[in-house]
Amino acid sequence: MADVPHAWLLRWLKVPSERQLPEGTVRVFNAAPAYLNYRRVLLTLKQVGVLVGAVVGWLFLSRWIPLVLDFPYTRPVMYTLEAFVWAGYLVMLPVSFFVVRLDYELRWYALTDRSLRVHEGVTSLREKTMTFANIQQISIQQNPLQRLLGIADVKVETAGGGSGSRGGDADLDPAEHLHEARFRGVSDPEAIRDAILERVRLHRDAGLGEPTEFATRHEEPAAAVGSTGSPVAAAQELLTEVRELRGALASRRAS
């Protein structure tokens with residue numbers, strides 16, 4: 001029965017039942033199970049902060065509002081508003097944890113033969129694709145809580161990113177620079193970084209984003225031509241041709 005609201009919500013959000021992987025996908029990565037616990041800890045701290053703020057605010061207002069607004073219905077109105085606030089808080093508390101779980105389940109990262117793709121989000125789906133030819137920098141970021149849980153983020157930046165990207169934990173601020181993508185909450189950040197670096201190296205060695213096999217096919221004939229003679233013999237042959245051309249020009253002028 002626990003899967004019934006889960007499936008209903010996925011249908012309501014129009015989330016595909018299966019992953020729609022891009023064409024040419026080579027590898028797919030998922031966030032580590034510890035990432036779900038990480039998000040739950042952050043959400044718990046946030047909810048505790050909201051709870052403390054609501055209690056402190058209510059104590060302050062309940063003491064000062066009756067002194068400022070001395071009307072017969074002041075206290076009933078305040079109690080009604082308080083009831084709505086607490087009802088909303090109690091409803092949203094489990095919903096927020098459920099959304100965090102869905103975000104973890106629907107999050108994946110893919111490497112294709114030409115690009116990488118980050119798929120994340122529940123209520124607002126976000127997909128970001130970056131071609132390997134444009135990637136400029138790859139870094140691993142880890143805060144103390146992530147270090148304790150054994151996870152980290154892999155940050156990928158393309159040309160034009162620079163210092164304009166936002167700092168801090170993007171889980172708290174979903175807005176992200178257009179020139180960066182993050183593999184969040186992965187347990188093997190070094191392996192992911194090395195896999196991306198390898199794809200970037202292959203594309204840059206090939207030139208203009210062409211696959212390495214394409215470059216190899218076009219480099220082999222050039223190597224065969226160059227193997228017919230030594231550099232000294234080629235230089236002597238070129239010198240002989242220049243001398244013959246110079247002699248021909250001289251004889252034409254004399255005539």
Net lengthening on full extension, Q20/T129 (0.36 nm per residue, minus Cα-Cα): 37.9 nm
Estimated FRET transfer efficiency when R0 is 45 angstrom, pair Q141-A248 (beta carbons, to 0.05): 0.05
Order by protection proxy (mean Cβ within 10 Å, highest first), peptides 81-94, 39-52: 39-52, 81-94
Sites M92 and R201, calculated FRET efficiency, Cβ-Cβ separation with R0 45 Å, nearest 0.05: 0.45
Ranked order, E244, E190, E120 - accessible area, probe 1.4 Å, largest first: E244, E190, E120
J(HN,Hα) series, the range 96-106, from Karplus relation 6.51 cos²θ - 1.76 cosθ + 1.60, nearest Hz, glycine and proline x: 5, 5, 5, 5, 4, 5, 4, 4, 5, 5, 8
FRET efficiency estimate (nearest 0.05) - Cβ-Cβ, A159 to Y79, R0 41 angstrom: 0.10
Solvent-accessible area of R193 with every protein chain in place, 1.4 Å probe, in Å² to the nearest 10: 70 Å²
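The values are calculated or read from the model by the stated rules, or taken from the named source; none is laboratory data. It should be emphasised that the depicted structure is a prediction, and the values quoted were computed from it without experimental measurement. Virtual Cβ from ideal backbone geometry, glycine too; neighbours counted across all protein chains shown. Accessible surface is based on the protein model in full, side chains and every heavy atom, while ligands, DNA and RNA are left aside. Shrake-Rupley method; radii C 1.70, N 1.55, O 1.52, S 1.80 Å.
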